[in-house]
1. Within segment 306-333, how many residues turn out to be touching a residue at least 40 places away in the same chain (Cβ under 8 Å) and of a type outside the set (A, V, I, L, M, F, W, C)?
2. Residue by residue through segment 80-98, note down the ones that are surrounded by fewer than 17 Cβ atoms within 10 Å (Cβ to Cβ) and under 25 Å from ILE300 (Cβ atoms).
3. Are there any strands (runs of 3 or more DSSP E) wholly within segment 100-178 with 2 or more residues that are touching a Pro at 6+ places or on another chain (Cβ under 9 Å) and either more than 27 Å from GLU37 (Cβ to Cβ) or not aromatic (Phe, Trp, Tyr) (or both), and if so which?
4. Those residues that are in contact with a Leu (Cβ under 8 Å, 6 or more places away or on another chain) and either of a type in the set (A, V, I, L, M) or in a strand (DSSP E or B) (or both), I need them from segment 43-83; list them, please.
5. Taking the options ALA72, ALA103, name whichever one is touching a Phe, Trp or Tyr at 6+ places or on another chain (Cβ under 6 Å), among the hydrophobic types (A, V, I, L, M, F, W, C), in contact (Cβ under 8 Å) with a residue 40 or more places away in the chain and more than 26 Å from THR154 (Cα to Cα).
6. Within segment 258-274, can one find any residue that is open to solvent by 30 Å² or more (accessible area, probe 1.4 Å), closer than 28 Å to PHE91 by Cα, touching a residue at least 12 places away in the same chain (Cβ under 8 Å) and not aromatic (Phe, Trp, Tyr)?
7. All but one of (1) buried (at least 18 other Cβ atoms within 10 Å of the Cβ); (2) over 27 Å from LEU29 (Cβ atoms); (3) not hydroxyl-bearing (Ser, Thr, Tyr) hold for ALA323; state the number of the condition that does not hold.
8. From the list ASP36, ASP53, which residue is more than 23 Å from the chain's Cα centre (by Cα) and modelled with pLDDT of 50 or more?
Amino acid sequence: MKKSVFLGTVAATTMLAGMGMAQDGGATLAQVKDRDELNCGVNTGLVGFAAPDASGNWTGFDVAYCRALAAAVLGDPNKVRFVPTTGQTRFTALASGEVDVLARNSTWTFSRDTDLALDFVGVNYYDGQGFMVSRDLGVTSAKELDGATICIQTGTTTELNLADYFRANNLNYTPVNIDSNAEGEQQYMAGACDAYTTDASGLAATRAAFADPESHIILPEIISKEPLGPAVRHGDNNWGDIARWTLNALIAAEEYGVTSRNIEELVRSSTNPEVQRLLGTTDELGAMIGLDAEWARRAIVAGGNYGEIFAANIGEQTPIGLARGLNAQWTQGGLLYAPPFR
């Protein structure tokens, strides 16, 4: 299974790489400005990360990044068209130019960075693959899943991770292939699979949407590294810089204590050189990437700094209930880190 999954990925990604390189000639920023709208590829529906409400209004952790990018570039966080993508269609949507940026729980890997010719602009969530089962199954460890049927999204890193883990532990399983989280949830709840595997954050989001979340448990094993982050097409370095430094602005703002509530006061009063450069009161960093001096200020105001976005969408006080963990600032023992604004 490992060989077939890998070779299939290589074949697909080689084709997509050519599409992406041919599509992009450094013009994405101009296209977005001419269109006056950012096309952002997101999940088809994962509560807490990207999901529309009954009125079609999108909210979530990844959605907030899209809005911050739109605010930075277009001056308005609402100038976004959210394009739902599955695990199988997301990279084609980006490579073909259907979307300008992909913010869809996507893992930064070697093959995606090279064969797919994607540029991941940073990590916005450090994750790992886990398993969810019904309490009634009586399982407390992934190593007790020998012979289980397991729901797994096709076109994702979870396929290879699952094959590797079960082979390494001399376990057998039967995959139940699904195309989206919604289908996975339906199949799992219908009893078509004994366990559902995906990123642990996705499992927490899925579990939170159940009528009786306590009847389901996320097993303790984390079987992979899954650094998730936004991606753009390779070859348009200016657009990649804008997407990258918008994410960095949100992360840096939290580190420096800049919030959506105090930002205007700090614009007037901060004596911290990093904050002054971040907020555009000194130097002219925006001009270096084709934007005005207030681009980062608008990005932060759109939905708050990284910590505000995390807390509002997936934090411990939300139904998702995720702790910061590895996603805490580097000054707090986590891995979150933004390069200097200078």
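The values are calculated or read from the model by the stated rules, or taken from the named source; none is laboratory data. Keep in mind that what you see is a predicted model, and the values were worked out from it rather than measured. FYI the Cβ positions are ideal-geometry reconstructions off the backbone, even for glycines, and counts take in every protein chain you see. Heads up: the accessible areas ignore ligands, DNA and RNA and are worked out on the full protein's heavy atoms, side chains in. Shrake-Rupley method; radii C 1.70, N 1.55, O 1.52, S 1.80 Å.
1. 11
2. Correct list: ARG81 only.
3. Numbers: elements: 118-120, 125-127, 129-134, 148-153, 173-178.
So the answer is 125-127, 148-153.
4. ALA68, LEU69, ALA70, ALA72, VAL73, LEU74, VAL80, ARG81
5. Working: ALA103 fails: more than 26 Å from THR154 (Cα to Cα).
Exactly one residue qualifies, and that residue is ALA72.
6. For segment 258-274, residues open to solvent by 30 Å² or more (accessible area, probe 1.4 Å), closer than 28 Å to PHE91 by Cα, touching a residue at least 12 places away in the same chain (Cβ under 8 Å) and not aromatic (Phe, Trp, Tyr): absent.
7. If we test ALA323 against (1) buried (at least 18 other Cβ atoms within 10 Å of the Cβ); (2) over 27 Å from LEU29 (Cβ atoms); (3) not hydroxyl-bearing (Ser, Thr, Tyr), just (1) comes out false.
8. Values: ASP53 fails: more than 23 Å from the chain's Cα centre (by Cα).
Among ASP36, ASP53, only ASP36 is more than 23 Å from the chain's Cα centre (by Cα) and modelled with pLDDT of 50 or more.
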